[in-house]
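**Q** Sharing a structure below in structure tokens format, with a few things to ask.
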Amino acid sequence: MSSKNALRKPRTRRDLFRTWSLARRLTLLYAGSSFLMLLLAAAYLYWSLVDNLELEDSAFLANEIQECRSLLHESPHDEDALAHEIQIEPAANPFIKYYMRLLDNQGRILLETPRMANVLPVASFPVAIATTEIPMRGKFWKSGSGESYLLMSVLAQVDMDGITPRILHVALDVSAEEAQIVGYLRTLLAVVALGTLFSCAAGLFVARKGLRPLKDITKATDRTSASQLHERIAANAWPEELASLARSFDQMLDRLEDSFSRLSQFSADLAHELRTPINNLRGEAGVALSQARTPEEYRRTLESSLEEYARLSRLIDNMLFLARADGPMTSIARTACNSRKAIEVVREFYVALAADRGIEVVCGGKATVQADTVLFRQAISNLLSNALNYTPRGGKVSINVQRQYDRTVEVTVTDTGFGIPAEHLPKIFERFYRVDPARSQQPNGSGLGLAIVKSIMALHGGTVSVQSELGKGSTFSLSFPLGAAADR
């Protein structure tokens, strides 16, 4: 035996049950529940029959006892009446086979049904109950020949003078009823067995019929692949219990198709963004090495290469930030951030660039937010840089902070630039998406700035939105949610 097989744990019954198909599980559960219900019903019917027969037999014997008691009490010396009641009537009854015996207080037999002594000895009867009691249930006794009897023993007062009461034995042959009960029990067991087998067959049919939609869903999933993500299940064609599963599956395919499309586009854009600076570096290096150059020419080549290296470095840093921001375990450390002060710091950084391009940058409002100060500044910096790139000379960029009635803080960056066409607005926060690089004053941008802003707001639980009108400018709004704002 190999060590792998030696270390393999034995499979338990529970593990085996988990590997069964749903049809087999449902069939087993259906058959098991049917068997349990049939068994309980059979047990109740059997108990009900036995109990009813016993009550009827006991009532019959109790009635005979009461008639004999009355006769002994009212006519104790009428020997003919007693003989008829105890000897003749039981022997003459063709339908019910019962016996009666009268004994004195010493246990001597005074009268009894013929042949009673042969089948029912005195010792087989229970202790006699008092004369004032009425027996409710008798005692079952089986003779040596296998016949069953129901026995009762009571005391009977002879007259009103206090003479010692007599002992009365009464027995009923219940062998036929016992055989009937045994036959009834066999019939019930046969019904339970056949019902269980029928339940197995019906359960298997119902399970397969009910699970057929799952097979259709499985076929649909088998047809789904990276190149076949357009397959859909159409939830309106399924039972109510599976419609939600079908809808969820279709929604998952929608997300996968969208993710694959984005991934393909992202890969193409990333390859394009990396190829441009790398081609520039290769071209400059090739030109520099094609012939001897002066130190000054080599210096200019190195300076140009450094610019491309910086561009590559920024691109890689941005990609790493987006990758970390998309991680499910990414968290940020929020502190009380003076939004106006942080905006002024960013504004001072862009003052020289704005002045060189003839663009006025103004700030207004104040509020405090619970946010990561570095990320807050980066979001404002990206929006301000984007506004400066798409605002012509003589334009204006306004940054305003305002506390809303729902206790959120909204930061808006408004420019008087070219504006964004309406068909591009839903996509401008996607990675590497650029509306029209030719209209920008920095056409070599990576197209990741707004995507980074969206990720920063997602980390804060906030949102970013944009409103724009061609020829009049755009307004980007950052909304920090409830709990992230504080009065100041």
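**Q** Extending each Cα 7 Å along its Cβ direction at E56 and N105, get the distance between those two points in nm, one decimal.
**A** Calculated label separation equals 4.0 nm.
**Q** Separate question: Within 10 Å, count the other beta carbons around each residue, average over each peptide in 195-204, 380-389, 128-137, and list them highest first. Before the final figure, lay out the partial values.
**A** On the way: 195-204: 16.2, 380-389: 22.4, 128-137: 12.7.
By packing density, highest mean first, the sequence is 380-389, 195-204, 128-137.
**Q** Please give the FRET efficiency for A117 paired with A202, using the beta carbon to beta carbon distance and R0 = 56 Å, rounded to the nearest 0.05. Mind dumping the intermediate values first?
**A** Values: r = 58 Å, r/R0 = 1.04.
Step by step, r from the Cβ atoms, then E = 0.45.
**Q** Could you please report the charge total around G203, scoring K, R as +1 and D, E as -1 over all other residues with beta-carbon less than 12 angstrom from its beta-carbon? Before the final figure, lay out each step's value.
**A** On the way: positive: R24, R25, R208, K209; negative: none.
In short, +4.
**Q** Kindly state, to the nearest 0.05, the FRET efficiency for Q66 paired with L189, given R0 = 56 Å and r defined as their beta-carbon distance.
**A** 0.90
**Q** Something else about it: Could you give the length gained on full extension between H77 and A285, defined as 0.36 nm per residue of separation minus the Cα-Cα distance, in nm? Intermediate values should be presented prior to the final figure.
**A** On the way: separation 208, 0.36 × 208 = 74.88 nm, distance 14.61 nm.
This chain segment gains 60.3 nm when fully extended.
**Q** Compute the FRET efficiency between L320 and L22 as 1/(1 + (r/R0)^6), taking r as their Cβ-Cβ distance and R0 = 45 Å, and round to the nearest 0.05. It would help to have the intermediate numbers written out before the result.
**A** Details: r = 46 Å, r/R0 = 1.02.
Calculated value: 0.45.
**Q** Rounded, prolate or oblate, given the Cα gyration tensor of the range 335-486, with a/c below 1.5 counting as rounded? Show your work: numbers first, answer last.
**A** Details: a/c = 1.76, a/b = 1.38, b/c = 1.27.
Here the range 335-486 falls in the prolate category.
**Q** Apply the a/c threshold of 1.5 to the C-alpha gyration tensor of the range 84-153 and tell me whether it is rounded, prolate or oblate. Don't jump to the answer; show the numbers that get you there.
**A** On the way: a/c = 1.34, a/b = 1.15, b/c = 1.17.
It is rounded, given that a/c, with a ≥ b ≥ c, falls under 1.5.
**Q** Further, regarding this structure: Want the number for D222 to R407: 0.36 nm per residue separation, take away the alpha-carbon distance, what's left? Present the calculation step by step, with values, prior to reporting the outcome.
**A** Values: separation 185, 0.36 × 185 = 66.60 nm, distance 5.01 nm.
Between D222 and R407, full extension yields an extra 61.6 nm.
**Q** Additional query: Work out how much length M252 to L29 would gain on full extension: take 0.36 nm times their residue separation and subtract the Cα-Cα distance, in nm to one decimal. Write out the running numbers ahead of the final one.
**A** On the way: separation 223, 0.36 × 223 = 80.28 nm, distance 3.21 nm.
Between M252 and L29, full extension yields an extra 77.1 nm.
**Q** So what J values fall out for the range 280-295 if you push phi through Karplus, 6.51 cos²θ - 1.76 cosθ + 1.60 with θ = phi - 60°, rounded to Hz, Gly and Pro as x?
**A** 4, 5, 5, x, 5, 5, x, 5, 5, 8, 5, 7, 5, 10, 7, x
FYI, it's all coordinate maths here, none of it is from the lab. Since this is a predicted model, take the numbers as computed values, not measurements. Glycine also receives a Cβ, built like all others from the backbone with ideal geometry; neighbour counts cover every protein chain displayed.
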